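Data block below; observations after.
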Amino acid sequence: MAARAALLAIDATYAEVNVGIGPAREPVWRLGIIGSISHARGFAAAVAVRRPVYTGVGIYVEDVVAADSHAALRAIALNECEFDYVRRMTGSLTLDTLLTIAFSAKESLFKAAYPSVGRYFDFSAAQLLKIDIDAGTLAITLTESLSADFERGRICCAGFELLASDVVLTHCVV
């Protein structure tokens, strides 16, 4: 399946950069570069882009959750309104897959925002507005101001792709 995500390439100057690990286990990139790394069950992904062209980039790979994990996922990542929205969606994707996409997109947004925000923040700081299954996109709005770059009301776009029937990749570039 062709990936919808546009992985942004940087010039060969940065082709062999060692990426460090920060105190919160976040990747520490070379000055002027921001990026994201993720992996799950046999899949790995990494992306790096130039700063200041982009404020943040986040990717997240996640196994599709099982039905017995819905309550835990709701308690951690989705409020009742978001869960009801996803539950009412009909189409080619299962509820398990849609919930995973919503969770994973919020994780991608977190990874994109973290370098600017500099701290952990709850999933409640972002509200799922829309999932467009055909386009492979999501719209998420910030419900609180996290930093000068990530203020309350900002709408962030994310994308998703199924790497396998039970593995989701989401990405957010801001």
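What the table below lists for this structure:
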item: Peptides 113-120, 145-152 ordered by average Cβ neighbours within 10 Å, highest first; result: 113-120, 145-152
item: Cα long-axis angle, helix 95-117 against the chain (0 to 90 degrees, to the nearest 10); result: 30
item: Amide N proximity, segment 37-75 versus Ala24 label position 7 Å along Cα-to-Cβ, cut-off under 15 Å; result: 37, 56-59
item: Rounded percent of accessible protein surface that carbon and sulfur make up, the chain, 1.4 Å probe; result: 54
item: Local net charge near Phe43, Cβ-Cβ under 13 Å (Lys/Arg +1, Asp/Glu -1); result: -3
item: Label-point separation in nm, Asp68 to Ala44, each point 7 Å along Cα→Cβ; result: 3.1
item: Added length on full extension, which subtracts the Cα-Cα distance from 0.36 nm per residue, Glu151 to Ala75; result: 24.9 nm
item: Segment Asp96-Tyr120, extension gain: residue separation times 0.36 nm, minus the distance between their alpha carbons; result: 6.0 nm
item: 222 nm mean residue ellipticity, helices alone, for the chain (DSSP H n ≥ 4; -39,500 (n - 2.57); rounded to 500); result: -7000 deg cm²/dmol
item: Among [x] 26, 19, 14; [y] 33, 23, 14; [z] 42, 19, 13, the entry derived from the coordinates for semi-axes √(5λ) of the Cα gyration tensor in Å; result: [x]
item: Rounded accessible area per residue of the chain, 1.4 Å, Å²; result: 53
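The values are calculated or read from the model by the stated rules, or taken from the named source; none is laboratory data. Treat the numbers as computed from the prediction; the structure is a model and nothing was measured. Ideal geometry is used to build each Cβ from the backbone, glycine not excepted, and the neighbour counts take in all protein chains shown. Please note that ligands, DNA and RNA were not included when accessible areas were found on the heavy atoms of the full protein model with its side chains. Shrake-Rupley method; radii C 1.70, N 1.55, O 1.52, S 1.80 Å.
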